[in-house]
Amino acid sequence: MKNTILTGDRPTGQLHLGHYVGSLKNRLRLQQDENNQLFIMIADMQALTDNAKTPEKVSSNVLQVALDYLAVGLDPTRSTLFIQSQIPELGELTMYYLNLVSVGRVRRNPTVKAEIEQKKFGESVPAGFFIYPVSQAADITAFKANLVPVGEDQKPMLEQTQEIVHSFNQTYGDVLVEPKGVFPAKGMGRLPGIDGNGKMSKSLGNGIYLADSQETVAKKVMSMYTDPNHIHVADPGQVEGNMVFTYLDVFGTDTKKIAELKEHYRRGGLGDVQIKRYLIEVLEAELAPIRKRREEFAQDPEHVMQLLQQGSQQAQAVAAQTLKEVKQAMGIAYFA
Ligand code: TRP
């Protein structure tokens with residue numbers, strides 16, 4: 001069975017360890033299987049829906065996200081890496097899909113609802129932001145993706161896409177493929193930030209970035225939230241909610257050693273500095289090769305942009321074919 005997989009990220013900042021464990025690693029695994037064709041999209045159009053007045057915040061991060069992709073091992077010879085705004089077909093599809101969706105339905109999307117509240121948009125929510133789930137349906141269906149690996153917060157987008165596919169196929173004939181969401185395994189979805197406050201995010205300033213230097217990673221780990229009641233080394237410490245152990249559980253491979261460290265920490269006599277030093281070692285084992293590859297690609301940004309241009313051309317060819325079928329089905333392919 002061949003799978004067509006589409007996923008992407010908004011380029012509003014560099015990618016961090018939360019992205020790495022929550023989605024990038026999963027993509028790498030999918031990329032290894034010959035039966036999977038991956039489309040990986042830098043969703044700059046979607047990022048512009050709430051950054052219209054500061055487009056450089058979006059455009060300048062396109063290269064950064066591409067570097068993060070290449071650094072972790074997403075391979076442009078196997079996967080199609082592309083930029084959303086360079087595929088005009090996605091905008092066209094969005095226009096047709098919007099007619100199949102009611103304003104009431106858009107308003108009910110829980111993720112968008114939460115974002116509108118969080119950003120305090122109220123009635124001044126940009127219309128483009130309000131309808132971005134419909135544009136996301138265009139992203140997915142343009143490639144006839146059957147699988148969409150995303151975080152839990154994207155579940156409502158998948159549901160809305162499925163509804164649009166149903167409605168389109170029922171109204172105009174079977175053209176679109178209904179996608180299935182692929183969600184992270186339990187516990188892998190939400191890496192908390194180094195402060196232990198909710199998930200790792202740029203806005204909370206609690207992230208460790210793939211581009212961070214070894215010194216920065218070490219400094220961030222040393223400032224990690226542990227157990228505030230573990231004051232003296234001899235005190236018994238708490239492992240639950242202690243970010244050092246949370247991260248060791250996610251990134252460590254030596255489970256026996258980690259179990260022993262937990263035991264010792266609980267008993268007392270194991271200092272925070274010691275466990276933090278070990279975590280730095282564990283993270284470096286993963287991050288050092290990524291950082292090295294990132295630096296290599298970063299030396300030739302023009303080459304990276306060329307890779308994105310080639311990917312965008314490939315992606316456009318696929319989207320154009322779908323759009324053609326869509327217009328034929330709708331009976332508006334007048335000059336075909
Ligand atoms: N909304 C996604 C995010 O914020 C990015 C995205 C845009 C996307 N279009 C998509 C993800 C299509 C999957 C499929 O991370």
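Using the Kirkwood formula on the Cα atoms of the chain, what hydrodynamic radius do you get, in angstrom to one decimal? Please report the intermediate quantities before stating the final value.
Working: mean 1/r = 0.0463 Å⁻¹.
One decimal place: 21.6 Å for the Kirkwood radius.
For the peptides 139-150, 268-279, what is the packing order when you average, over each peptide's residues, the other Cβ atoms within 10 Å and list the highest mean first? Could you put the intermediate results ahead of the total?
Numbers: 139-150: 23.1, 268-279: 17.1.
Top of the packing list down: 139-150, 268-279.
Can you give the angle from 0 to 90° between the axis of helix 272-298 and the longest principal axis of the chain, with both taken from C-alpha atoms, to the nearest 10?
40
Using a 10 Å cut-off on Cβ atoms, rank the peptides 15-26, 311-322, 289-300 from the highest mean neighbour count down. Don't skip to the end; give the middle numbers.
On the way: 15-26: 21.9, 311-322: 18.1, 289-300: 14.3.
Packing proxy ranking, top to bottom: 15-26, 311-322, 289-300.
Can you tell which of GLN118, THR12, HIS303 lies farthest toward the positive end of the dipole of the chain, using +1 and -1 charges on the Cβ of basic and acidic side chains (Lys, Arg; Asp, Glu)?
GLN118
Summarise the long-distance tail of P(r) for region 88-182 by giving the % of C-alpha pairs beyond 18 Å.
Details: 1928 of 4465 pairs.
Value for region 88-182 (Cα pairs over 18 Å): 43 percent.
Taking Cα atoms, how many degrees apart are the long axis of helix 88-98 and the longest axis of the chain, rounded to 10 and kept between 0 and 90?
Roughly 80 degrees between the two axes.
Going 7 Å from the Cα of ASP235 in the Cα-to-Cβ direction, what parts of region 275-302 have a backbone nitrogen less than 16 Å from that spot?
Within reach of a label on ASP235: 275.
Working from Cα positions, state the angle (0 to 90°, nearest 10) between the long axis of helix 132-142 and the longest principal axis of the chain.
On a 0 to 90 degree scale, this one is about 70.
So how do 128-138, 214-224 stack up, highest first, on mean other-Cβ count within 10 Å?
The densest-packed peptide leads the list: 128-138, 214-224.
Under Stokes-Einstein, with the Kirkwood radius over Cα pairs standing in for Rh, what whole-number D in µm²/s applies to region 214-296 at 37 °C and 0.692 mPa s? Mind showing how you got there, number by number?
Details: Rh = 13.2 Å.
Reported coefficient: 248 µm²/s.
Give me the distance between the Cα centres of region 1-42 and region 198-248, rounded to whole Å.
Rounded to whole Å, the Cα centres lie 26 Å apart.
What number, rounded to the nearest 500 deg cm²/dmol, is the helix-based mean residue ellipticity at 222 nm of the chain, given -39500 (n - 2.57) per DSSP H run of at least four residues and division by all its residues?
Working: 14 runs with 178 residues, N = 336.
Using -39500 (n - 2.57) per qualifying helix, the result is -16500 deg cm²/dmol.
Could you list, in their original order, any pairs among LYS25/LYS262; LYS57/LYS324; LYS180/LYS276 whose Cα atoms are separated by more than 31 Å?
On the way: LYS25/LYS262 26 Å; LYS57/LYS324 33 Å; LYS180/LYS276 40 Å.
In this structure, LYS57/LYS324; LYS180/LYS276 lie more than 31 Å apart at Cα.
None of the figures in this text is laboratory data; all of them are computed from the coordinates on show. This is a predicted model, so every value here is computed, not measured. Glycine also receives a Cβ, built like all others from the backbone with ideal geometry; neighbour counts cover every protein chain displayed.
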